[in-house]
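Below: the structure, in structure tokens.
The values are calculated or read from the model by the stated rules, or taken from the named source; none is laboratory data. The shown structure was predicted, so the numbers you read here are calculated from the model rather than taken from an experiment. Neighbour counts are summed over all protein chains in view; Cβ atoms, including those assigned to glycine, are modelled from backbone coordinates with ideal geometry. Surface areas here come from the heavy atoms of the whole protein model, side chains and all, with no ligands, DNA or RNA. Shrake-Rupley method; radii C 1.70, N 1.55, O 1.52, S 1.80 Å.
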Amino acid sequence: MEIKERISALRKEMQSKNIDAFIIYSADPHMSEYLPTEWQERAWLSGFTGSAGFVVITKDKGGLWTDSRYFLQADTELKGSGITLFKDGVEGTPDYISWILEQTPENGKVAVNALATSHSNWKTLKDKLKAKSVELIDEPLLKEIWKERTKGEKINEIFVHPDKWAGKSVSEKLKDIRKSMDEQNATTHVITALDDVAWTLNLRGSDVSFNPVFLGYIVVSKEDATLFVDPQKVTEEVKNHLHKNNVKLVEYDGFFPFLESITNEKILISPNSNQAIFEALKTNNEFVEASAPGNLMKATKNQTELEGFREVMVRDGVSLVKFFYWLTHQAGKEDMNEYQIGERLREFRAEGKNFVGESFGSIIGYKGNGAIVHYSAKKDNCKSVTNHGTILIDSGGQYLEGTTDITRTFALGEIPEGFIEDSTLVLKGMIRLSMVRFPKGTRGVQLDSVARLPLWMHSKDYGHGTGHGVGSFMNVHEGPQNIRKDMNPQILLPGMVCSNEPGFYKENEYGIRHENLVAVKEVETTEFGTFYEFETLTICPFFTDTVDKSLLSEEEIKWLNNYHEFCKEKLEPYLEGDVKKWFLELVKPI
């Protein structure tokens, strides 16, 4: 079916059940950002493929809400669908619940799929819909019309992530989780997020593109733990690993029947878990709604994990230098396009030790496509790349010891007016955030303006956050910390790894983003308290031929020169020939 036919089929189902509005969140039962194929409901219905955003379909209207990273992409992908783009965060954009209330009559009915709706969203919806006595129900309507929905034929085996890279055993993690349960007076804990499941049990998988996770749930009691997973994915090594750590195995489909057997327990569960879990547990149990303890434990990397990051950054940096040499020297000499460049970049990374795959789909934005923040080049429909204009390359790798995420923006030849100034201002912001020192208790929102200030001073800005958490051989987007304008109560703690990626985007002309990964570390304690700073983890030079030195302070120039000296020290031993000569020119002091 075409998009309009799918929406029409959905409306027929809505009419048959007397439903006024149906909401399709971008989620699976684990509230994942990147979704298994069978849970890409919003993309299937609307045609919009971005990783964030949700759709509301009423009897005669449709709306998609997404953030600034996807405005240009959504505008293109929604053409002809009849769905209106609502730009989240832009003044004048209606709140989606208010919009639903406008379209829905008194005593109307709104439906969602509870398996793909978080409890927090369900509660907010239910409360606000009461304003017009509108009922919220669980009705997975797409089940009836998405006939070709498939889980895929391939069974992806789970594998053990050994302690030598995890830095902490399963028994130690479960002990810490149970301690947190005791502190919150909980007797049972349900773990639903896929990265939390994988981290807790030192296991990895490949059920979701780019993220080394597998579909599963964990229920932890005071005495034991149970993993719910497809038994076909479990190898003998994994069975032995779980048995050794007193973790029981039950098939994935046994999860909800198991929940229904639980009574008289105090259940510690994240409000971001799906509503169907709450429905299964609400009789004769009490909820302790709080973040999964392992979520924060996972975010604060131990020394083994941090050392893993440092190791893979050398490997990643070597691959990138070789790739950048190839690209800058072959653009204009051989036919290439954005998609092919992404494939070639993956090949360079794959030469590195313990490379598992990309940490997300590479963003290769040539010229105006660089202004599409999360641009994805299509194999049969993307720009050819030559030796003029600018290119933004945002990419990352998954290695057994760690995860990388890096962006470099540079010129392949003649550049548009204003690019050098804008690129330098973005770099200036990235450097300032790299150098910042801050007291214990600081939140990401308090540092976000440090990276934006150079742009703000020129009345410019960017719509996305400045930084997100990054996992250790885990999801490239990880919470609970971030660095952005939005208020997030999570303070930054030693061991947290974040991206540092300010940007600037000029529609149809160019996009600029400069990104390194950084780790929070303690510096010193004075009479004014304990202070932290960032350790820069990424090891790859910037292209200084598009840097306006006059816009940088002496301190910023010193930082850049020191960083390039650091890159030289770490990467030069692994480079040779013309690549090495080119690299040594790249890292010369400015």
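Over the chain, what is the mean sequence separation of C-alpha contacts under 8 Å (at least six apart), divided by residue count, expressed as relative contact order in percent?
11 percent
With every protein chain left in place and a probe of 1.4 Å, what is the accessible surface of K17, to the nearest 10 Å²?
Per-residue accessible area (K17): approximately 70 Å².
Can you give the Rg and Dmax of the range 210-262 based on its C-alpha atoms, in angstrom?
When restricted to Cα atoms, the range 210-262 yields Rg and Dmax of 11.5, 35 Å.
So, R0 is 22 Å and r is the distance between the beta-carbons of E144 and K123; what FRET efficiency does that work out to, to 0.05?
According to the calculation, E is roughly 0.25.
P(r) for the range 421-505, please, calculated from all Cα pair distances in 5 Å bins and given in %.
Computed distribution, short to long bins: 3, 16, 26, 24, 17, 10, 3, 0.
Treating only the Cβ atoms of Lys and Arg (+1) and Asp and Glu (-1) as charged, compute the dipole magnitude of the range 328-402 about its Cα centre; round to the nearest 20 debye. Could you put the intermediate results ahead of the total?
Values: 9 positive and 10 negative charges, 29 e Å.
About 140 debye.
If you roll a 1.4 Å probe over the range 239-374 with all protein chains in place, what percent of the accessible area is carbon or sulfur? Show your work: numbers first, answer last.
On the way: 2660 of 5900 Å².
Ligands and nucleic acids excluded, carbon and sulfur reach 45 percent.
Between helix 577-586 and the chain, what is the angle of the helix's C-alpha long axis to the longest principal axis, kept within 0 to 90° and rounded to the nearest 10?
The angle comes out near 90 degrees.
Hey, what did the range 251-373 get for relative contact order, percent, Cα under 8 Å, at least 6 apart?
Reported relative contact order: 17 percent.
Pop out the carbon and sulfur fraction of the accessible area of the range 469-541 as a percent, whole number, probe 1.4 Å.
46 percent
Not counting ligands, DNA or RNA, and with a 1.4 Å probe, what is I590's accessible surface area in Å² rounded to the nearest 10?
50 Å²
Find the relative contact order for the range 242-293 and round it to a whole percent, using C-alpha pairs within less than 8 Å whose residues are 6+ positions apart.
This gives 39 percent for the range 242-293.
7 Å from Cα along Cα→Cβ at both D224 and E417: what's the point-to-point distance in nm?
So the label points at D224 and E417 sit 7.4 nm apart.
Using unit Cβ charges (K, R positive; D, E negative) and no other charged atoms, how large, in debye to the nearest 20, is the dipole of the chain about its Cα centre?
300 debye
Could you give me the percent of Cα pairs per 10 Å distance bin for the range 295-427, shortest bin first, beginning at zero and ending with the bin that holds the maximum distance?
12, 39, 32, 14, 3
For the range 1-39 and the range 232-307, what is the centre-to-centre distance using only Cα atoms, to the nearest Å?
27 Å
For a paramagnetic label modelled at 7 Å from the Cα of N156 toward its Cβ, which residues of the range 236-251 fall within the zone defined by backbone nitrogen distances under 18 Å?
From the range 236-251, the list is 238.
Need the list of lysines near K151 for cross-linking: C-alpha distance under 16 angstrom, and skip anything on the same chain fewer than eight residues off.
Hits, sequence-local ones excluded: K143, K233.
How much accessible surface area, in Å² rounded to 10, belongs to the heavy atoms of E106 with a 1.4 Å probe?
110 Å²
For the range 41-96 and the range 463-513, what is the separation of their C-alpha centers, rounded to whole Å?
Rounded to whole Å, the Cα centres lie 23 Å apart.
If I model the range 443-578 as equal point scatterers sitting on the Cα atoms and use the Debye formula, what is log10 I(q)/I(0) at q = 0.09, 0.10 Å⁻¹?
-0.33, -0.41
Within the range 36-114, what whole-number % of the accessible surface is contributed by carbon and sulfur, with the 1.4 Å probe and all protein chains included in the calculation?
On the way: 1510 of 3180 Å².
Here carbon and sulfur together make up 47 percent of the probe-accessible area.
With labels modelled as points extended 7 Å from the Cα through the Cβ direction, what inter-label distance (nm, one decimal) is found for N284 paired with W456?
5.6 nm
Taking H placed 1.01 Å from N in the peptide plane, check which residues at least 5 places from S362 or on another chain put their amide H under 5 Å from its amide H.
Amide H neighbours of S362, under 5 Å, 5+ apart: none.
Could you put S261, S32, S8 in order of accessible surface area, largest first, with the 1.4 Å probe and the full protein assembly present?
S261, S8, S32
Below 21 Å, Cα to Cα, which lysines can K123 reach? Residues fewer than 8 away in the same chain don't count.
Within the straight-line limit of under 21 Å, K123 reaches these lysines: K109, K132, K266, K282.
I want to make sure I understand the PRE zone here: with the label point 7 angstrom from the Cα of Q330 toward its beta carbon, which residues in the range 338-354 have backbone N atoms less than 15 Å away?
338-351
Helix 554-571 against the longest principal axis of the chain: what's the angle in degrees, Cα atoms only, rounded to the nearest 10?
Tilt of helix 554-571: around 80 degrees.
Does anyone have the angle between helix 419-435 and the longest principal axis of the chain? Alpha-carbon axes, 0 to 90°, nearest 10?
70 degrees
Using a 1.4 Å probe, what is the accessible area per residue for the chain, in Å²?
Spelled out: the 1.4 Å probe surface of the chain, per residue, equals 43 Å².
Assign one of three labels to the range 341-491, namely rounded, prolate or oblate, based on the Cα gyration tensor with a ≥ b ≥ c the square roots of its eigenvalues; rounded applies when a/c is under 1.5, prolate when it is not and a/b is larger than b/c, and oblate otherwise.
oblate
Could you order H477, H30 so the one with the most accessible surface comes first? Probe is 1.4 Å.
My answer, sorted largest first, is H477, H30.
DSSP beta bridges in the chain, what fraction antiparallel, as a percent rounded to 5? Can you show the working numbers first?
Numbers: 64 of 85 bridges.
Percentage antiparallel, nearest 5: 75.
In terms of solvent-accessible area of protein heavy atoms at a 1.4 angstrom probe, what is the ranking of T235, T104, highest value first?
T235, T104
Given bins 20 angstrom wide, list per bin the percent of all Cα-Cα distances in the chain, short to long.
19, 52, 27, 1
Excluding same-chain residues fewer than 8 positions from K130, which aspartates and glutamates have a Cα within less than 17 Å of its Cα?
D20, D95, E102, E106, D138
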